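Scroll down for the structure; my scribbles are underneath it.
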Amino acid sequence: MAKLDNKKLLACCANGAGSSLMMENAIRKVLNKHGVKPAELRHCPVSEGKSAARNYDVVFCAKTFAKTFEEAAKSGNTVLIPLRNVMSPAEIEKALMAKELL
């Protein structure tokens, strides 16, 4: 069983429409490659994600928004994955491996 199986994952971008949807698709591509079946994978704007982050096991965002999620990450229940290129499956995969989640 993969470490991300049955976990809740959230992809956040500025407005929650374009880039977070593409980020969600890139995350899904990586999860499918590794046979991971999350309980939930969704995208939203940073404004919504900030308050919802503590309810998720992993939060993905652009590096520019990482500070927004610091408190959730400090709680110890949420892993923050800040990305330079939110649409890069290779970067997402590498980040998840670095956090020992894949």
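Residue pairs, Cβ under 6 Å, 6 or more apart or interchain, first in segment 1-22 and without any contact (Cβ under 8 Å) to a residue 40 or more places away in the chain, second in a strand (DSSP E or B). List them.
Every condition considered, the pairs that remain are ASN15/PRO45; GLY16/CYS44; GLY16/PRO45; LEU21/HIS43.
Any idea how many residues of segment 73-90 are within 15 Å of LEU10 (Cβ to Cβ) and either without any contact (Cβ under 8 Å) to a residue 60 or more places away in the chain or in contact with an Asp or Glu (Cβ under 8 Å, 6 or more places away or on another chain) (or both)? Reasoning before the result, please.
Filtering segment 73-90 down to residues within 15 Å of LEU10 (Cβ to Cβ) leaves 73, 75, 77-83, 86.
Going one step further and asking which of them are either without any contact (Cβ under 8 Å) to a residue 60 or more places away in the chain or in contact with an Asp or Glu (Cβ under 8 Å, 6 or more places away or on another chain) (or both), we end up with 73, 75, 77-83.
So the count comes out to 9.
Tell me which residues, restricted to segment 1-21, are surrounded by fewer than 17 Cβ atoms within 10 Å (Cβ to Cβ) and either modelled with pLDDT under 95 or among the aromatic types (Phe, Trp, Tyr) (or both).
MET1, ALA2, LYS3, ALA14, ASN15, ALA17, GLY18, LEU21
Identify all residues within segment 23-37 that are free of Cβ contacts under 8 Å to residues at least 60 places away in the same chain and either charged (D, E, K, R) or surrounded by fewer than 14 Cβ atoms within 10 Å (Cβ to Cβ) (or both); write none if there are none.
Answer for segment 23-37, where residues must be free of Cβ contacts under 8 Å to residues at least 60 places away in the same chain and either charged (D, E, K, R) or surrounded by fewer than 14 Cβ atoms within 10 Å (Cβ to Cβ) (or both): GLU24, ARG28, ASN32, GLY35, LYS37.
Show the residue pairs meeting these rules: Cβ distance below 7 Å; 6+ apart or different chains; first residue within segment 52-66 and more than 14 Å from SER20 (Cα to Cα) and in contact (Cβ under 8 Å) with a residue 40 or more places away in the chain; second residue of a type in the set (Ser, Thr, Tyr) and surrounded by fewer than 24 Cβ atoms within 10 Å (Cβ to Cβ).
ALA53/THR78; TYR56/THR78; ASP57/THR78
In the set GLU48, GLU40, GLU70, GLU93, which member is farther than 18 Å from ALA26 by Cα, surrounded by fewer than 20 Cβ atoms within 10 Å (Cβ to Cβ), charged (D, E, K, R) and in contact (Cβ under 8 Å) with a residue 12 or more places away in the chain?
After ruling out the rest, the residue left standing is GLU48.
The values are calculated or read from the model by the stated rules, or taken from the named source; none is laboratory data. The structure presented is a predicted model; accordingly, all values stated were derived computationally and were not measured. Cβ atoms come from the backbone with ideal geometry, glycine included; neighbour counts cover every protein chain shown.
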